[in-house]
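Data first, discussion second: the structure below is written as structure tokens.
The values are calculated or read from the model by the stated rules, or taken from the named source; none is laboratory data. For clarity, every value in this text was computed on a predicted model and none was experimentally measured. Heads up, the Cβs are rebuilt from the backbone with ideal geometry, glycines too, and the neighbour counts pull from every protein chain shown. Side chains included, ligands, DNA and RNA excluded: accessible areas come from the protein's heavy atoms. Shrake-Rupley method; radii C 1.70, N 1.55, O 1.52, S 1.80 Å.
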Amino acid sequence: MSLMNRTHRQLSRQFCRLGMFALALVISVSNWGFAQEKSVSFTDQVKPILARKCYACHGPGDAESGLRLDRKENAIAETDSGLHAIVPGNLEESELLARITAEDEFTRMPPEGKPLTEEEVEILRTWIAEGAEFEGHWAFEPVTPQEPPVVENTDWVRTPIDAFILGRLEKANMQPNPEASRAALVRRAYYNLTGLPPTHEQIEAFVNDESPTAWENLIDELLASQHYGEKWGSHWLDLVRFAETNSYERDGVKPNAWRYRDYVIRSFNDNKPYDQFIKEQLAGDEMVDRTNDTIIATGYYRLGLWDDEPADKVQHEADQYDDIVSTTSSAFLAMTVACARCHEHKIDPIKHEDYYSFLAFFRGMKTYSIPTSQYEISSEEVISQHDSHNEEKLRVEKKIDAIVGKAIEKLPREERRQYERSRKREELLERVIELVPNEASEFEALKRELAGLQEKDQYLPPREYALAVNRSDRNPPPTHLMMRGNPHTPGEEVQPAFPSLFGDEIPPIEPPREDATTSGRRTVLANWIASPDNRLTARVMVNRIWHHHFGRGIVASTSNFGQLGMQPTHPELLDYLATEFVNSGWDINQMHRLIMNSAVYRMSSAGAEDGLARDAANDLFWRFNPRRLTGEEVRDSILLVNGRFNSKMYGPGFYSNISKEVMAGQSQPGQGWGKSSPEDQARRSVYIHLKRSLITPILSNFDFPETDASCSERFVTTQPAQALGLLNGSFAHEESVHLANRVREAVPSDELEPRIRQAVTFVLAREANDSDLEIGKRLVARLQEEHGVPAQQAFDLYCLTLLNLNEFLFID
């Protein structure tokens, strides 16, 4: 060690000694046997610092200087330099403290980026002084049944959820918000469960319902609505990167992808148990009692990107498997398994081998292509009709071929060879009669019969196909490690296995049945993920449900429960909900009821001075988070309030109107985009044909997610295109005219005030007040007097203004 470094270390240690006296007293008291409550949490405070600042060089997969800080046995061991980074209870001998407080940039750690703050240093110093205890990562520990805590304000508690939330608030000396108004609650419930606004009549009916079960009845009514599946199905479609095209330059269509979308919507409307929902998507084609639904469910695997002309086919196949590994592990388990594709996971205890053992479950299932991804789901009756019809055509064609064959035999040798080589069947048919005159009448009759059968083709019921897993191997090819993730440099062979961090035994893969067309490996994986004993599955799903109700999860990083993800704000509540979810039979609707019946869900979104000052991020859930409508909700709400909404469900998607300027952004402008009727264009946004390279502008402007990868939570932005689109866009202008016409039909009189009242009622679902009337009249008058706008158009623009109000676009 250089003199400068040695001197610096001595100075650093002297600096550390300044606070040693008080800390020594604490340690001494602890050694005398008095129980000391730790003032620093390893999970909440220490680990995030180590993960951000240290793990890149001294974490999983990396041990520069022989030091790893993610495991206690490594962190306290002697390093290559003969020192100890951490000596529990001994600040002076803990080299880590000397390095993170060093002023010399050649000695200070971390060597790059910002040094630790004084607060971070103090956290690590206190932690080491208190014994440097390491705790297991919460998400990798088994789910533990939880009892709600005892709280003081028992009158506020409606459900056990409230006790968990209130317990934290009372410890922080904070108060929960009062209950929201009934009008705000009914609007909140409608949007959260159906994605559509309630009408004025529906709001009034709830507000005036004095039944003690009015709220519970409303929840049940909305869960029974067919629109519920459309709303909550869209959350799942985000998660599984749903789109109906392949991306890349041509962005070709994925035939019948819409059937998977419909399967998801129906599953939510049927309240399909979540464990069954998992199994159908991961292994629906391997089920003994498989149905068309379980086959369609495997369309999950076919939704990713596909290059129809890859430069490197081997690499592209590896990338397709990687997409499946990444989506499956993040969507169902909130794990970033894909980070271990090239090396050990940098943060989580996921080995390089774990990635390929996980991938091995999917080997044997062919990657995407048109032939391997279209599965016939026609009824037996339809298949029988087509088979019989095709047999008839084949019988007639064989007879025609026999007569033609006789004619060919009568041709001169050279001419016969010419016909055999070129197969000029149509030209030869014209000469058959003259070559075999004795067959002429039968030949003509056969031609007429064949023409009749061909004409009948169009009257047969169509054969139906689904985007699904179609071809798999009973005996999959071996799976090899890929050195640095390179498929061209395979390493040792691995077998299907679950991530080693869970400590599960390597699962036995039973030999496939004689009649099986697949290996059954995905069934093993699906059963493990959907098991009540899985440490992540139930936690992840209840956290997603919570996130979509409250705007953020108990774990804010909803698809990353790993060590770089966010810590749960209420871990006991998360385990309570996960336990209840499994005990209910994985009943998603019951989880909605449990959450929405809580006092927490029914709180006002209003700000409070104390709450905003002490918990501006609302981590303790002292109020309800207001939110802006999603792009789909904006579009669908406009269609609903102007009376054009088409509630038709399911089936192939429709094409919205898209301007030429937007089309020009494609490699082949307008390619793959059709024209739908105005009636179809008034359907819900979930049924828009979802083309990766051509997202409908109003959805894109309002933060519709990228479809190339799984999206667990949409960013909510505020940007100019939103205001410009709603004020100047063709969709908003056209629909505002429909709204104005609806008002005119409801109020035939030309008098302005009743029309303003009616427009407010349609759009804002409430009675107009004096301020509404004054603003509306002033705007219409100004448009006419100052800008020369005709009266009818001025009212159209007033209706456009209503559609731009925050009251319409936000939920309290």
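The table below lists the values:
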| quantity | calculated |
| --- | --- |
| Criterion violated by E434 - all others in (1) part of a helix (DSSP H, G or I); (2) modelled with pLDDT of 85 or more satisfied | (2) |
| Any hit, the range 110-119, residues being touching a residue at least 40 places away in the same chain (Cβ under 8 Å) and of a type in the set (D, E) | no |
| The range 64-80 residues that are under 18 Å from I347 (Cα atoms), paired with ones that are surrounded by 16 or more Cβ atoms within 10 Å (Cβ to Cβ) and aromatic (F, W, Y) (beta carbon under 6 Å, 6 or more apart) | K72/F134 |
| Count of residues meeting criterion [touching a residue at least 24 places away in the same chain (Cβ under 8 Å) and either open to solvent by 20 Å² or more (accessible area, probe 1.4 Å) or out of contact with any Lys or Arg (no Cβ under 9 Å at 6 or more places or on another chain) (or both)] in the range 587-601 | 8 |
| Hits in the range 716-775 (condition: among the acidic types (D, E) and either within 15 Å of I638 (Cβ to Cβ) or open to solvent by less than 20 Å² (accessible area, probe 1.4 Å) (or both)) | E734, E735 |
| Filtered residues of the range 56-89 (kept if surrounded by 14 or more Cβ atoms within 10 Å (Cβ to Cβ) and over 40 Å from the mean Cα position of the chain (by Cα)) | I76, A77, T79, L83, H84, A85, I86, V87, P88, G89 |
| All positions within the range 310-348 that are open to solvent by less than 30 Å² (accessible area, probe 1.4 Å) and of a type in the set (S, T, N, Q) | Q320, T327, T328, S329, S330 |
| Residue list for the range 554-599, restricted to those being closer than 18 Å to I161 by Cα and β-branched (V, I, T) | I554, V555, T569, T579, V582, I588, I595 |
| Selected residue (criterion: most open to solvent (accessible area, probe 1.4 Å)) from residues of the range 602-621 that are outside any loop (DSSP other than H, G, I, E, B) and not hydrophobic (A, V, I, L, M, F, W, C) | E609 |
| Sole exception among (1) open to solvent by 20 Å² or more (accessible area, probe 1.4 Å); (2) modelled with pLDDT of 95 or more; (3) in contact with a strand residue (DSSP E or B) (Cβ under 7 Å, 6 or more places away or on another chain) for H227, by number | (3) |
| Failed item, numbered, when A56 is tested on (1) free of Cβ contacts under 8 Å to residues at least 40 places away in the same chain; (2) assigned to a helix (DSSP H, G or I) | (1) |
| Selection count where residues are of a type outside the set (K, R), in a helix (DSSP H, G or I) and in contact (Cβ under 8 Å) with a residue 40 or more places away in the chain, scope the range 499-534 | 9 |
| Residue satisfying all of: in the range 394-411; free of Cβ contacts under 8 Å to residues at least 12 places away in the same chain and small (G, A, S); nearest to E444 (Cα to Cα) among these | A402 |
| In the range 542-585, residue farthest from Y601 (Cα to Cα) [restricted to those that are of a type in the set (V, I, T) and either assigned to a loop (DSSP other than H, G, I, E, B) or under 20 Å from the mean Cα position of the chain (by Cα) (or both)] | T558 |
| Residues located in the range 130-144, provided they are aliphatic (A, V, I, L, M) and out of contact with any Ser or Thr (no Cβ under 9 Å at 6 or more places or on another chain) | A139 |
| Residue match in the range 294-302 (condition: among the charged types (D, E, K, R), within 18 Å of Y248 (Cβ to Cβ) and touching a helix residue (DSSP H, G or I) at 6+ places or on another chain (Cβ under 6 Å)) | yes |
| Candidate set: the range 90-114, residues that are in contact with a His (Cβ under 8 Å, 6 or more places away or on another chain) and of a type outside the set (G, A, S); chosen: the one surrounded by the most Cβ atoms within 10 Å (Cβ to Cβ) | E95 |
| Elements of type helices (runs of 4 or more DSSP H) in the range 734-812, at least 2 residues being touching a residue at least 40 places away in the same chain (Cβ under 8 Å) and farther than 27 Å from N657 by Cα | 752-764 |
| Selection within the range 194-228 - within 27 Å of R635 (Cα to Cα) and of a type in the set (S, T, N, Q) | T194, T199, Q202, S225, Q226 |
| Qualifying residue in the range 53-73 (condition: at pLDDT 90 or above and either under 30 Å from C342 (Cβ atoms) or not hydroxyl-bearing (S, T, Y) (or both)) | no |
| Residue list for the range 162-189, filter: open to solvent by less than 50 Å² (accessible area, probe 1.4 Å) and among the small types (G, A, S) | A163, G167, A172, A180, A183, A184, A189 |
| Only one of D293, D289, D275, D262 that is closer than 25 Å to D587 by Cβ, part of a helix (DSSP H, G or I) and open to solvent by 40 Å² or more (accessible area, probe 1.4 Å) | D293 |
| Unique residue being of a type in the set (A, V, I, L, M), on the phi < 0 side of the Ramachandran plot and crowded, with 23+ Cβ neighbours inside 10 Å when the list is V540, V582 | V540 |
| Unmet requirement for E661, which otherwise passes all of (1) without any contact (Cβ under 8 Å) to a residue 40 or more places away in the chain; (2) out of contact with any helix residue (DSSP H, G or I) (no Cβ under 7 Å at 6 or more places or on another chain); (3) assigned to a loop (DSSP other than H, G, I, E, B); (4) open to solvent by 50 Å² or more (accessible area, probe 1.4 Å) | (3) |
